[in-house]
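J.: Mind having a look at this structure? Questions to follow.
The values are calculated or read from the model by the stated rules, or taken from the named source; none is laboratory data. What you see is a predicted model, and the numbers here were worked out from it, not measured in a lab. Here Cβ is always computed from backbone atoms with ideal geometry, including for glycine, and neighbour counts include all displayed protein chains. Accessible surface areas use protein heavy atoms only, side chains included; no ligands, DNA or RNA. Shrake-Rupley method; radii C 1.70, N 1.55, O 1.52, S 1.80 Å.
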Amino acid sequence: MWQAYTRGVDGPTVTALLDDGPLRGRTLDVATVEGRPPKTIDVPADDGASFRYCLTHWEQSGPTADYSFLYQV
């Protein structure tokens, strides 16, 4: 499984699991927002493209959060 690096993240993080879309199956650490996973994340691809993912379930707990593909940014 591909593990992304976390750029400029200080403080608590959660592991984002990308459920579908072009980056399906990848994980990356993202900074929490007020102790919760961010609602959306922009994820860079290996080819320089970037994809926006949205939190799959608004209420999640634990060290991981599931994200679904929205669109290319």
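J.: In whole Hz and in residue order, list the ³J(HN,Hα) couplings for the range 13-28 that follow from phi through the Karplus curve 6.51 cos²θ - 1.76 cosθ + 1.60, θ = phi - 60°; x for Gly and Pro.
T.: 10, 10, 8, 8, 9, 8, 7, 8, x, x, 10, 3, x, 7, 10, 7
J.: Note the listed values (1) 13, 36, 30, 17, 4, 0; (2) 20, 45, 26, 9, 1; (3) 21, 58, 20, 0, then indicate which one is P(r) over Cα pairs in 10 Å bins from 0, in percent calculated from this particular structure.
T.: Only one option fits the structure, namely (3).
J.: With contacts defined as alpha carbon pairs under 8 Å and 6 or more residues apart, what's the relative contact order of the chain in percent?
T.: Details: 145 pairs, mean separation 22.9, N = 73.
Normalised by residue count, the contact order of the chain is 31 percent.
J.: Considering only DSSP beta bridges with both partners in the chain, what is the antiparallel share in %, to the nearest 5?
T.: Percent antiparallel among DSSP bridges in the chain is about 75.
J.: Then there's this: At 1.4 Å probe size, with the rest of the protein present, what percent of the exposed accessible area of the chain is carbon and sulfur atoms?
T.: Details: 2270 of 4710 Å².
Carbon and sulfur: 48 percent of the exposed surface of the chain.
J.: Still on this model: Taking amide hydrogens as modeled 1.01 Å from N in the peptide plane, which residues meet the under 5 Å criterion relative to Asp20, leaving out close sequence neighbours?
T.: HN-HN under 5 Å from Asp20: Gly25, Phe69.
J.: For the peptides 60-68, 42-50, what is the packing order when you average, over each peptide's residues, the other Cβ atoms within 10 Å and list the highest mean first? Working shown, then result.
T.: On the way: 60-68: 14.4, 42-50: 11.1.
Packing proxy ranking, top to bottom: 60-68, 42-50.
J.: With the other protein chains left in place, how much accessible area per residue, in square angstrom, belongs to the chain at a 1.4 angstrom probe? Each step should come with its number before you reach the end.
T.: On the way: 4710 Å² over 73 residues.
With all protein chains present, the chain gives 65 Å² per residue.
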